[in-house]
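Reviewing the structure listed below.
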Amino acid sequence: MKDARVLLGDITQSDCDCIVNAANKSLSGGGGVDGAIHRAAGPELAKECAALGGCETGEAKITKGYRLKAKYVIHTVGPIYSGSPDDAKMLAKCYVSSLDLAKANGLRSIAFPSVSTGVYGYPFEKATRIAVDAVSDWKEKNKDYALRVDFYCFSERIYAQYILTLKNTKY
Ligand code: AR6
């Protein structure tokens, strides 16, 4: 994870090959980061999303980035926090599905928001640990594939949590 970066700011400004959207199952847009990505990408993004047939929790689908600097958007659907053990499994799966899709499309850099920690209510300390562990395990298993990961944080407290969590990460 030595090449992972933690950035404070708006993910729509990222110049990574792809940015990840914390979407909902319908992929029809919404608030939070989803709303910001759709506004920045322009209306063609919603058109492409409408043809995808939705997305299940933990899975990911790819579209073009349209007016964004990023060439692609990977839409993943995080769990709505309920306190059950499945939440963590599903949240980790979002990161793995997104990374797999980036690799399958030959992409070399990816920016993640803190999936599920807004409208979906996932406590950010727990969500940060899950995000960092999922990405670091994936990178360990995919050592042959160089994919730079940026974690975009929209608040100082989430930013500080990522810095702390990455310091305490094995790989
Ligand atoms: N750049 C980076 N991070 C952001 C940005 C931004 N521009 N805007 C918000 N965040 P949320 P969720 C952070 O609510 O919890 C939508 O309506 C935010 O501070 O966007 O997965 C979808 O359509 C938080 O830390 O996503 C779904 O219905 C993180 O992004 C639902 O919300 C995620 O917050 C998904 O909820």
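Show me the strands (runs of 3 or more DSSP E) found entirely inside segment 13-86 where at least 2 residues are among the aliphatic types (A, V, I, L, M), surrounded by 15 or more Cβ atoms within 10 Å (Cβ to Cβ) and within 14 Å of the ligand (Cβ to nearest atom).
Because the criterion is at least 2 residues that are among the aliphatic types (A, V, I, L, M), surrounded by 15 or more Cβ atoms within 10 Å (Cβ to Cβ) and within 14 Å of the ligand (Cβ to nearest atom), the strands (runs of 3 or more DSSP E) in segment 13-86 that meet it are 18-23, 72-77.
Selection within segment 1-12: residues that are aliphatic (A, V, I, L, M) and more than 8 Å from the ligand (Cβ to nearest atom). The member of this set that is farthest from residue 121 (Cα to Cα) is 1. When segment 98-113 is filtered for residues that are part of a helix (DSSP H, G or I), of a type outside the set (Lys, Arg) and more than 14 Å from the ligand (Cβ to nearest atom), the ones remaining, listed by number, are 99, 100, 101, 102, 104.
With the requirement that a residue be among the polar types (S, T, N, Q), outside any loop (DSSP other than H, G, I, E, B) and in contact (Cβ under 8 Å) with a residue 40 or more places away in the chain, what does segment 114-137 give you? Steps first, please.
At the first step, the residues of segment 114-137 found to be among the polar types (S, T, N, Q) are 114, 116-117, 128, 136.
Okay, now just the ones that are also outside any loop (DSSP other than H, G, I, E, B), so 128, 136.
Matches in segment 114-137: 136 only.
Among residues that are at pLDDT below 95 and either farther than 21 Å from residue 57 by Cβ or touching a strand residue (DSSP E or B) at 6+ places or on another chain (Cβ under 8 Å) (or both), residue 165 is not included. Looking only at residues of segment 116-135 that are closer than 16 Å to residue 165 by Cα and of a type in the set (Gly, Ala, Ser), we find that the one that is farthest from the ligand (Cβ to nearest atom) is 134. The residue of segment 138-171 that is farthest from residue 100 (Cα to Cα), among those that are part of a helix (DSSP H, G or I) and touching a residue at least 40 places away in the same chain (Cβ under 8 Å), is 156.
Could you grab me the full set of residues in segment 96-114 that are surrounded by fewer than 21 Cβ atoms within 10 Å (Cβ to Cβ) and β-branched (Val, Ile, Thr)? Selection gives 96 alone.
Would you pick out the residues in segment 119-129 that are of a type outside the set (Ser, Thr, Tyr) and either within 22 Å of residue 72 (Cβ to Cβ) or crowded, with 22+ Cβ neighbours inside 10 Å (or both)? Can you show your working first?
First, the residues of segment 119-129 that are of a type outside the set (Ser, Thr, Tyr): 119, 121, 123-127, 129.
127, the sole residue that qualifies.
The values are calculated or read from the model by the stated rules, or taken from the named source; none is laboratory data. From a predicted model like this one, the values you see are computed outputs, not experimental measurements. Ideal geometry is used to build each Cβ from the backbone, glycine not excepted, and the neighbour counts take in all protein chains shown.
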